[in-house]
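Worksheet: one structure, shown below.
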Amino acid sequence: MELVLVEWLSMAIRWLHVIAGIAWIGSSFYFIHLDLSLQPREGLPPGVQGEAWQVHGGGFYHMVKYLVAPARMPDELTWFKWEAYTTWLSGFALLVVIYYLGAELYLVDRAALDMPGWAAALVSLGTLMLAWLGYELLCRSFFAGDDRLVALIGYACLVVLTYLFTTLFSGRGAFVQIGALIGTMMVGNVFVIIIPNQKKTVAALLSGKQPDPKWGKEAKLRSVHNNYLTLPVVFLMISTHSPLLFATKYNWLIVAIVLALGPVIRHFFNSRHSGMGSPWWVWGVAAAGMGVIALLSAAGPREVKLGAASAPSFAAVEDIVLTRCSMCHTKEPLWAGIAAAPKGVTLDTAERIHAQARLIALNAARSDAMPPGNITEITAEERGILAAWFAAGAKVK
Ligand code: HEC
């Protein structure tokens with residue numbers, strides 16, 4: 001029963017997390033587009049930056065943006081914040097349920113750093129909070145006047161942290177950790193700067209005072225950061241389904257490229273929506289970046305030289321899979337905490353091993369995604385044998 005409950009709970013939180021994320025990113029993309037497409041015109045009310053006409057769902061919308069506030073505050077204001085908060089709360093719940101409670105399987109990697117699950121969870125939580133504090137300090141430091149410098153320093157720090165996480169955690173754990181860290185920075189921006197500054201502005205206006213323009217400027221910088229971080233964070237969250245990305249030698253470099261590609265791609269849309277033309281070169285850069293990622297992901301797992309061994313016998317392959325994989329990948333797994341063959345993949349007979357050759361190669365030869373955290377201590381030579389077997393046609397005899 002506990003098993004069913006945990007499975008159901010993690011599915012329900014996952015669903016909520018994706019829906020909240022869609023709502024947050026959707027509304028933020030919408031408002032960025034709206035903001036950029038506003039056009040000034042004669043005869044608009046005082047204090048209005050511009051207007052935009054939109055059509056959707058059978059009606060026409062006439063949007064105007066008041067730069068500071070309208071002459072009279074409306075009785076009702078819609079705030080956009082729970083999308084962001086719900087995304088973080090559900091994401092953090094998932095981090096705890098999957099990666100902290102299941103740290104032995106998903107966060108720890110004996111080949112990277114052998115530590116108990118609880119220690120890995122503490123390291124993850126501690127670095128998450130420290131990195132967020134560091135980001136807040138950076139945005140308030142004496143570099144703060146120079147937005148480009150802040151972005152460059154931020155980028156360099158994220159790449160260094162990614163590299164650090166790949167030496168502390170499993171590849172999958174490292175990707176989720178850096179994704180969670182960026183997500184925390186983004187929600188922190190909403191929670192600590194953007195919404196409080198909007199509240200201060202509204203309060204000042206209601207009491208007839210002039211709002212400090214600094215509040216708007218701070219909020220703008222944070223929302224630009226969020227705009228540029230959105231695409232990389234989504235990449236990181238879904239990359240845990242792709243062993244070639246997170247469990248190969250240059251995984252940290254792949255993240256570094258994606259962190260740079262996100263802003264480049266956003267630049268295309270930002271420029272286009274503000275009527276400054278479409279910088280088509282962006283897609284050339286994006287395609288080149290994705291090509292480099294594909295090449296890097298082909299480099300294989302950390303310690304293995306691919307293609308070194310000559311075609312091995314099936315007996316050798318079967319021996320490896322039965323000793324390193326089948327205690328989990330069987331109908332009634334022997335591993336405590338795993339109740340059924342994970343993802344329905346059974347690897348306990350010659351036929352099953354042959355049928356799953358592709359997945360074996362992907363997860364255990366061309367990457368080190370399996371066994372999780374190298375729990376069963378598969379060796380580099382054994383991975384080499386699996387790779388050579390697959391390359392030679394995955395024959396059973
Ligand atoms: C300690 C238990 C354990 C061992 C040992 C283990 N696995 Fe897994 N395996 C898992 C779990 C748990 C998952 C599900 C991962 C997830 O939730 O994404 C999984 C998933 C998989 C998948 C499915 C991946 C997908 O894309 O759906 C494959 C294929 C796989 N393992 C192959 C192997 C191979 C090959 C070995 C041996 C070299 C191995 N596993 C050893 C626990 C194990």
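The values are calculated or read from the model by the stated rules, or taken from the named source; none is laboratory data. The structure presented is a predicted model; accordingly, all values stated were derived computationally and were not measured. Reconstructed Cβ throughout: ideal geometry from the backbone, glycine too, with neighbour counts over all protein chains shown. The area values use the complete protein model at the heavy-atom level, side chains included, leaving out ligands, DNA and RNA. Shrake-Rupley method; radii C 1.70, N 1.55, O 1.52, S 1.80 Å.
Annotations for the structure displayed:
- Matching residues, region 216-270, being open to solvent by 30 Å² or more (accessible area, probe 1.4 Å) and hydroxyl-bearing (Ser, Thr, Tyr): SER223, TYR228, SER242, TYR250
- Among the residues listed as VAL345, VAL396, the single one being among the β-branched types (Val, Ile, Thr), in contact (Cβ under 8 Å) with a residue 60 or more places away in the chain and over 18 Å from ALA247 (Cα atoms): VAL396
- Considering residues of region 108-127 that are buried (at least 17 other Cβ atoms within 10 Å of the Cβ), modelled with pLDDT of 95 or more and not hydroxyl-bearing (Ser, Thr, Tyr) only, the residue nearest to the ligand (Cβ to nearest atom): ALA120
- Residue pairs meeting the criteria (Cβ under 7 Å; at least 6 apart or on separate chains; first under 14 Å from VAL233 (Cβ atoms), in region 17-35; second small (Gly, Ala, Ser) and in a helix (DSSP H, G or I)): HIS17/SER90; HIS17/GLY91; ALA20/SER90; TRP24/ALA84
- The lone exception for ALA204 - which of (1) in contact with an Asp or Glu (Cβ under 8 Å, 6 or more places away or on another chain); (2) buried (at least 19 other Cβ atoms within 10 Å of the Cβ); (3) of a type outside the set (Asp, Glu) it fails: (2)
- Set ALA336, ALA369: member being near the ligand (Cβ under 10 Å from one of its atoms), modelled with pLDDT under 90 and assigned to a loop (DSSP other than H, G, I, E, B): ALA336
- Residue within region 350-358 that is aliphatic (A, V, I, L, M), within 30 Å of TRP252 (Cα to Cα) and not in a loop (DSSP other than H, G, I, E, B) present: yes
- Scanning region 65-98 for residues that are within 20 Å of SER274 (Cα to Cα) and free of Cβ contacts under 8 Å to residues at least 24 places away in the same chain returns TYR66, LEU67.
- Considering only residues in region 308-333 that are surrounded by 16 or more Cβ atoms within 10 Å (Cβ to Cβ), more than 8 Å from the ligand (Cβ to nearest atom) and among the β-branched types (Val, Ile, Thr), the one that is farthest from ALA103 (Cα to Cα) turns out to be VAL317.
- Conditions (1) part of a loop (DSSP other than H, G, I, E, B); (2) closer than 22 Å to ALA174 by Cα; (3) away from the ligand (no atom under 11 Å from the Cβ): number failed by VAL396: (2)
- Test: residue in region 279-290 that is more than 15 Å from the ligand (Cβ to nearest atom), assigned to a loop (DSSP other than H, G, I, E, B) and either more than 27 Å from LEU386 (Cα to Cα) or modelled with pLDDT of 90 or more (or both): yes
- Residue that is near the ligand (Cβ under 9 Å from one of its atoms) and open to solvent by less than 20 Å² (accessible area, probe 1.4 Å), where the choices are ALA364, ALA357, ALA387: ALA364
- Count of region 339-354 residues, restricted to those that are open to solvent by 30 Å² or more (accessible area, probe 1.4 Å) and more than 8 Å from the ligand (Cβ to nearest atom), is 8.
- Of all residues in region 372-384, those being surrounded by fewer than 19 Cβ atoms within 10 Å (Cβ to Cβ) and within 8 Å of the ligand (Cβ to nearest atom) number 2.
- Check on HIS273, open to solvent by 20 Å² or more (accessible area, probe 1.4 Å), farther than 30 Å from ALA380 by Cβ, touching a residue at least 60 places away in the same chain (Cβ under 8 Å) and more than 16 Å from the ligand (Cβ to nearest atom): yes
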